[in-house]
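The values are calculated or read from the model by the stated rules, or taken from the named source; none is laboratory data. Just so we're clear, the structure is a prediction, and the values are computed from it rather than from any experiment. Here the Cβ positions follow ideal geometry from the backbone for every residue, glycine too, while neighbour counts run over all protein chains shown.
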Protein chains: 2
Amino acid sequence: MQCPSAALVIIGQELLSGKVKDENLGYLSQQLYGLGVDVKRVLFVPDEIEDIVEALRWVVDRHDYVFTTGGMGPTHDDVTVAAVSQALQRPLVHSPSLEALLERLYNVPAGPERTRLCRIPEGSELIYPEGSRYPQLIVGNVYLFPGVPSIVRKKFSAIAERFRSEPIYSEKLDLQKTELEILLPLTAVVEAYADVRIGSYPQYYEGKETVQLTLDGTQQERVLDALSMLKRLLGV
Amino acid sequence: MQCPSAALVIIGQELLSGKVKDENLGYLSQQLYGLGVDVKRVLFVPDEIEDIVEALRWVVDRHDYVFTTGGMGPTHDDVTVAAVSQALQRPLVHSPSLEALLERLYNVPAGPERTRLCRIPEGSELIYPEGSRYPQLIVGNVYLFPGVPSIVRKKFSAIAERFRSEPIYSEKLDLQKTELEILLPLTAVVEAYADVRIGSYPQYYEGKETVQLTLDGTQQERVLDALSMLKRLLGV
């Protein structure tokens, strides 16, 4: 499947120790897929600079877009901006517009804390989507979001159209059979349609196994042809 | 914090395209933390051998335990066993006990498909927890689980005690303040208690920001001392 690819780097110790259940992966992956962007990799890391830098270096040159969530506040465990600076080798520079905002909106008094909070990687883009109090920080192909799910939703919606690509067509087929029972027809279709991504998901309900097949591709006709072949071979 | 560390490799295209919401990360991270195991890294990858191998190589030598979920069925997109074999450089070998099981329990007829399904990495451990139909596959420090959440729960519970370590003590403190307001006292405690992991999580409700602080450590006394210092400095 040829479409833009993305990686998510989800930052937060609270998610790794199970204290908080992540909601950003489900939201962002669904939104991006709907926009025609293929999420290829998701990494959850703790709030430690070296862990975040390592994760970013792994994905930043290999994907069209990288989205981070978390670590954007003012406390000791908020190190995402510094990690992006290090991973992309862009030194931190002072942002006068951010400083004005901190003073005006949040009454942060002048001093070393405010100075620290206004440092962003060189060449960052700060955009101010409508309805957002705080700007969206973009560094190269890295989009930095906070961790709080309601804010992620708001901020992502505001810039979602930037990422819209050719649509991905999806079909599915629910079968009252087990994976073992459909193995041979399924394999034949997978081999005939290398450009269609076919998934097979067993489901269990009251001790009975059924299966859902999914078919995805950027060419709708190919997806529908693969579905027809599947149905024919399965006799459904 | 000194305790055993773990990584999760969560395999499944359906999770990356947002078609299915992952439940295994939340469950496994919470269980492991409760057992005193620190989950340090979680990777979500598609059902592609090279992606899984790369993820496994990244974590397998750096953590005490690696848990995989997904990709354990019989279809074309079930490639976890082959990926573990490759990542750990343990060739696939025939398992007579698995073959007997497939024949007896699932009526899989003899043939190339059954032979393929009975190949496991050399030196694998197959354990049969009580109540489980299918065995648990363990290869070195890698524990292979299926993707279906209800089966993960059942299979993990059956072997959970293997992972029990010194407990991690947790405390929390809810404050009707913003992160910016508590910045200085918080920083002082973080610096004084390097062995206590302190997290700060802003929460938003009806437009009002509050904050939850969490304190975790393997020495209960240190956790409680850090909490006392925090309360004293914050005047709460």
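A single member of B:121, B:146, B:46 is more than 14 Å from chain A (Cβ to nearest Cβ) and touching a residue at least 24 places away in the same chain (Cβ under 8 Å), and it is B:121. Do we have residue A:159 as away from chain B (no Cβ under 14 Å), surrounded by 16 or more Cβ atoms within 10 Å (Cβ to Cβ) and not basic (Lys, Arg) here? For residue A:159, the condition - away from chain B (no Cβ under 14 Å), surrounded by 16 or more Cβ atoms within 10 Å (Cβ to Cβ) and not basic (Lys, Arg) - is not met. Restricting attention to the range B:56-82, the residues being within 8 Å of chain A (Cβ to nearest Cβ) and farther than 23 Å from residue A:202 by Cα number 1.
Among the residues of the range B:198-217, is there at least one that is charged (D, E, K, R), touching a residue at least 12 places away in the same chain (Cβ under 8 Å) and more than 23 Å from residue B:180 (Cβ to Cβ)? Yes, some residue in the range B:198-217 is charged (D, E, K, R), touching a residue at least 12 places away in the same chain (Cβ under 8 Å) and more than 23 Å from residue B:180 (Cβ to Cβ). Each residue in the range A:132-153 was checked for being within 15 Å of the chain's Cα centre (by Cα) and of a type outside the set (Val, Ile, Thr), and 8 of them qualify. Hey, can you tell me all the residues within the range A:1-30 that are within 9 Å of chain B (Cβ to nearest Cβ), crowded, with 19+ Cβ neighbours inside 10 Å and within 10 Å of the chain's Cα centre (by Cα)? Across the range A:1-30, the qualifying residues are A:8, A:10, A:25, A:28, A:29. Scanning the range A:105-135 for residues that are at pLDDT 95 or above and buried (at least 20 other Cβ atoms within 10 Å of the Cβ) yields a total of 3. Tell me which residues, restricted to the range A:87-104, are surrounded by 13 or more Cβ atoms within 10 Å (Cβ to Cβ) and out of contact with any Gly (no Cβ under 7 Å at 6 or more places or on another chain). Scanning the range A:87-104 gives A:87, A:92, A:93, A:95, A:98, A:99, A:101, A:102, A:103.
For residue B:39, state whether it is among the β-branched types (Val, Ile, Thr), crowded, with 16+ Cβ neighbours inside 10 Å and facing another protein chain (nearest Cβ under 7 Å). Yes, satisfied. Of everything listed in (1) crowded, with 22+ Cβ neighbours inside 10 Å; (2) under 21 Å from residue B:150 (Cα atoms), the single unmet condition for residue B:34 is (1).
Is it the case that the range A:218-236 has a residue that's at the interface with chain B (Cβ under 9 Å from one of its Cβ atoms), within 32 Å of the chain's Cα centre (by Cα) and either in a strand (DSSP E or B) or surrounded by 17 or more Cβ atoms within 10 Å (Cβ to Cβ) (or both)? Scanning the range A:218-236 turns up no residue that is at the interface with chain B (Cβ under 9 Å from one of its Cβ atoms), within 32 Å of the chain's Cα centre (by Cα) and either in a strand (DSSP E or B) or surrounded by 17 or more Cβ atoms within 10 Å (Cβ to Cβ) (or both).
Comparison of A:138, A:151, A:198 shows that the only residue that is among the hydrophobic types (A, V, I, L, M, F, W, C), modelled with pLDDT under 95 and not in a loop (DSSP other than H, G, I, E, B) is A:151. Examine the range A:24-41 for a residue that is in a loop (DSSP other than H, G, I, E, B), in contact with a strand residue (DSSP E or B) (Cβ under 9 Å, 6 or more places away or on another chain) and of a type in the set (Ser, Thr, Tyr), and state whether such a residue exists. No, that holds for no residue.
The rows are residues; the columns are (1) of a type in the set (A, V, I, L, M); (2) closer than 24 Å to residue B:217 by Cβ.
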| position | (1), (2) |
| --- | --- |
| B:149 | no, no |
| B:158 | yes, no |
| B:161 | no, yes |
| B:167 | no, yes |
| B:176 | no, no |
| B:182 | yes, yes |
| B:187 | no, yes |
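Taking the criterion of being within 23 Å of residue A:10 (Cβ to Cβ), modelled with pLDDT of 95 or more and away from chain B (no Cβ under 13 Å), would at least one residue in the range A:90-101 satisfy it? Within the range A:90-101, one or more residues are within 23 Å of residue A:10 (Cβ to Cβ), modelled with pLDDT of 95 or more and away from chain B (no Cβ under 13 Å).
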